[in-house]
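Since the structure comes first, as structure tokens, the remarks are kept for the end.
Here, each number is a calculation from the coordinates, and none is a lab measurement. Quick caveat, the model's predicted, so the values are computed rather than measured. Note that each Cβ is placed from the backbone with ideal geometry, even for glycine, and that neighbours are counted across all protein chains shown.
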Amino acid sequence: MNRWRKWFIGLIHSMVTMAAGAGALVFVEPLKFNLDDGLPLLLKTTVVLAAAGVYNWLQKSPMPFKNEEAK
């Protein structure tokens with residue numbers, strides 16, 4: 001598996017992991033974050049958490065460049 005593919009899979013993994021954390025909000029605060037009236041707020045929170053996951057992944061693992069040696 002080349003390093004770009006590993007990097008991209010890690011990025012997707014980070015997004016999904018953080019976004020899945022928003023699912024816990026349905027159990028923690030069901031009146032505010034639910035699938036009926038609270039769906040827009042739940043989706044916004046999911047997007048923000050996924051963006052935080054991308055930021056954390058980019059901070060930990062910057063994009064690989066072509067001129068770096070393969071690891």
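Over the chain, Cα pairs under 8 Å with separation of 6+ residues give a relative contact order of 45 percent.
Per residue, the convex hull around the alpha carbon atoms of the chain comes to 90 Å³. Toward the positive end of the charge dipole of the chain, with +1 on the Cβ of Lys and Arg and -1 on the Cβ of Asp and Glu, the farthest Cα among Leu39, Ser61, Val16 is that of Ser61. Full extension of the chain segment joining Arg5 with Met63 gains 19.8 nm, where the gain is 0.36 nm per residue of separation less the Cα-Cα distance. A simple charge model with +1 on the Cβ of Lys and Arg, -1 on the Cβ of Asp and Glu and nothing else charged puts the dipole of the chain at about 440 debye relative to its Cα centre. Lysine pair count for the chain with Cα-Cα distance under 24 Å and sequence separation of 8 or more or different chains is 5. Hey, what angle do you get for helix 39-60 against the long axis of the chain, alpha-carbon based, 0 to 90 degrees rounded to 10? Once rounded, one gets 20 degrees. Adding -39500 (n - 2.57) for every DSSP H run of four residues or longer, then dividing by how many residues the chain holds, sets the calculated 222 nm ellipticity at -20500 deg cm²/dmol. Against the chain, whose longest principal axis is taken from its Cα atoms, helix 3-21 shows a tilt of about 10°.
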